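The values are calculated or read from the model by the stated rules, or taken from the named source; none is laboratory data. This is a predicted model, so every value here is computed, not measured. When we count neighbours, we look across all protein chains shown, and the Cβ atoms used for this are built from the backbone with ideal geometry, even at glycine. We work out accessible area using only protein heavy atoms, side chains counted, and drop any ligands, DNA or RNA first. Shrake-Rupley method; radii C 1.70, N 1.55, O 1.52, S 1.80 Å.
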Amino acid sequence: MAVRRRTAAAAAGDPPPQAPPADEAAAVAPDEPVLRAPNLRVAAVAAALFLAPFSYLAFVHYSLTADLQRSILKCGAMSLVGFCVALKLIPIAARYHLRRRMFGYDINKKGLPTGQIKVPEALGLVVGIVYLVIAIIFQQFHYAPDSIWLVEYNAALTSICFMILLGFVDDVLDVPWRVKLALPTFAALPLLMAYAGGTSIIIPKPLTPYVGLTVLELGLFYKLFMLLLAVFCTNSINIHAGLNGLEVGQTVVISAAVLIHNVMRIASSTDIETQQAHEFSIYLVLPFLTISLALLAFNWYPSIVFVGDTYTYFAGMALAVIGILGHFSETLLLFFLPQVLNFLCSVPQLFHFVPCPRHRLPRFDPGAGLLTGTKDGNLVNIFLRLFGKCSERALCIRLLIFQALCCVFCFWLRHMLTGWYK
């Protein structure tokens, strides 16, 4: 029978060593995942690029009412709080996701040590929840209990909440594409049922002599258009993806364009209902932009977290709701021009006219650290085929510059067609 010997300290009568505190033990546990610090410089640069023009137009260039400026400042302050809360919660949630084995590997870094790192997925859930809380609290401080906008405001938040839930279900269950296309249909139902706005469209002036009408009432067909817009926006962001920072980056660019468009329309319009619709849009898109900037700090190359379908669905539904209730769905589609092009190029593969791989990603050369385009029909590979191989970070920046240029083109086109088209 073996005999266990006491240590010298114990034999000399010294007190036994104390166990480390629970917090300290947890801090040094070998299985505890360690995440890199977020890239706050990228978030700061993006905020300066995209929030500065809006702030200049809202508080310097245009003479907006003092009440509206105070409301924007109030919404901006709450959005800043949402940004800070998201920065704090994302690492906490990421560790929980890793413990529950909700992680993936970066395919565009396969063959490198960074390609073996477990990256937590579906972190769009965190920013989605933060956004909903900020938006719900804001209505308490801004809208009166009998405001006519409260019904649509809450319907919008319900649709967004529904889409976050369905996006997270997709991340967990990995549903097939035919089901992905149907998910936004269910999420848009609260918005469609509560929508009480106009269902008519203004006929473009060049077509008026041929149609014989200046205004066309669509009725239920207008709600069908709203449904199709929601389905398109959610899925178009979901398929224009595959690079670190691309999903969040494109929504940041579009959100900034929406903010600028709203303030320009408020200043140029004399119709009270139009002004209120664009104010409504500002209050929804401003917190969405700031929490997306927080997520971008973690998702920028090289990604610390993956956003998952939860974020792409959430972002698409939020922008669709903002455009529909702000009454600028045509302009929103122009802001989505890269997503429209990407969808059109993807149609043969999405509808299986030609073979469609699970991940339509470029090939990665671990020796050179560069991406090479494949024959897949999406903008990511088309840019590589047109402009040559490059790093993942450079490709993402090129695509985001293209997104910004398309938004600038939209503003120019609206300016050129003002007074002639409608």
(message) Testing Gly242 on (1) on the phi < 0 side of the Ramachandran plot; (2) crowded, with 18+ Cβ neighbours inside 10 Å; (3) outside any helix (DSSP H, G or I); (4) at pLDDT below 95, one condition comes back false. Which one is that?
(response) (1)
(message) Would you confirm, using the coordinates I've provided, whether Val175 is among the hydrophobic types (A, V, I, L, M, F, W, C), closer than 25 Å to Phe306 by Cβ, open to solvent by less than 40 Å² (accessible area, probe 1.4 Å) and not in a helix (DSSP H, G or I)?
(response) yes
(message) Being modelled with pLDDT of 95 or more, surrounded by 24 or more Cβ atoms within 10 Å (Cβ to Cβ) and assigned to a helix (DSSP H, G or I) is the filter here; which residues of the stretch 324-344 pass it?
(response) Phe335, Gln339
(request) Name every residue in the stretch 94-121 that is part of a loop (DSSP other than H, G, I, E, B), more than 19 Å from Ala297 (Cα to Cα) and open to solvent by less than 100 Å² (accessible area, probe 1.4 Å), in order of residue number. (result) Met102, Gly111, Leu112
(message) Restricting to the stretch 34-92, and then to whatever is of a type in the set (S, T, N, Q) and more than 27 Å from Gln140 (Cβ to Cβ), can you tell me which residue is least open to solvent (accessible area, probe 1.4 Å)?
(response) Asn39
(request) Would you mention how many residues in the stretch 85-102 are under 16 Å from Arg36 (Cβ atoms) and touching a residue at least 24 places away in the same chain (Cβ under 8 Å)? (result) 8
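Within the stretch 195-218, is even one residue under 30 Å from Phe103 (Cα atoms), in a helix (DSSP H, G or I) and not aliphatic (A, V, I, L, M)? Working first, answer last.
Within the stretch 195-218, the first condition is being under 30 Å from Phe103 (Cα atoms), and the residues that meet it are none.
No, the stretch 195-218 contains no residue that is under 30 Å from Phe103 (Cα atoms), in a helix (DSSP H, G or I) and not aliphatic (A, V, I, L, M).
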(request) Report, by residue number, each residue of the stretch 140-160 that is touching a Phe, Trp or Tyr at 6+ places or on another chain (Cβ under 9 Å), free of Cβ contacts under 8 Å to residues at least 40 places away in the same chain and either among the polar types (S, T, N, Q) or under 17 Å from Asn238 (Cα atoms) (or both). (result) Ser147
(message) Which of the numbered conditions does Gln250 fail, given that it passes all the others? Conditions: (1) open to solvent by less than 10 Å² (accessible area, probe 1.4 Å); (2) touching a Leu at 6+ places or on another chain (Cβ under 9 Å); (3) more than 30 Å from Phe59 (Cβ to Cβ).
(response) (3)
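Only one of Asp23, Asp14, Asp31 is in a helix (DSSP H, G or I), of a type outside the set (Gly, Ala, Ser), modelled with pLDDT under 95 and open to solvent by 50 Å² or more (accessible area, probe 1.4 Å). Can you tell me which?
Working: Asp14 fails: in a helix (DSSP H, G or I); Asp31 fails: in a helix (DSSP H, G or I).
Of the residues listed, the single one that is in a helix (DSSP H, G or I), of a type outside the set (Gly, Ala, Ser), modelled with pLDDT under 95 and open to solvent by 50 Å² or more (accessible area, probe 1.4 Å) is Asp23.
In this structure, is Glu121 closer than 30 Å to Ala256 by Cα, in contact with a strand residue (DSSP E or B) (Cβ under 6 Å, 6 or more places away or on another chain) and acidic (Asp, Glu)?
Numbers: closer than 30 Å to Ala256 by Cα: yes; in contact with a strand residue (DSSP E or B) (Cβ under 6 Å, 6 or more places away or on another chain): yes; acidic (Asp, Glu): yes.
Yes.
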(request) Kindly check whether there is at least one residue in the stretch 330-350 that is in contact (Cβ under 8 Å) with a residue 40 or more places away in the chain, small (Gly, Ala, Ser) and either in contact with a strand residue (DSSP E or B) (Cβ under 7 Å, 6 or more places away or on another chain) or closer than 23 Å to Asn299 by Cα (or both). (result) no
(message) Anything in the stretch 278-318 that is among the aromatic types (Phe, Trp, Tyr), over 11 Å from Val248 (Cα atoms) and open to solvent by 10 Å² or more (accessible area, probe 1.4 Å)? List them, or say none.
(response) Tyr301
(request) Taking the residues in the stretch 363-422 that are of a type in the set (D, E, K, R) and over 25 Å from the mean Cα position of the chain (by Cα) as candidates, determine which candidate is farthest from Ala46 (Cα to Cα). (result) Lys422
(request) Could you tell me which numbered condition Leu371 fails, if it satisfies all but one of (1) touching a Cys at 6+ places or on another chain (Cβ under 7 Å); (2) hydrophobic (A, V, I, L, M, F, W, C); (3) in a helix (DSSP H, G or I)? (result) (3)
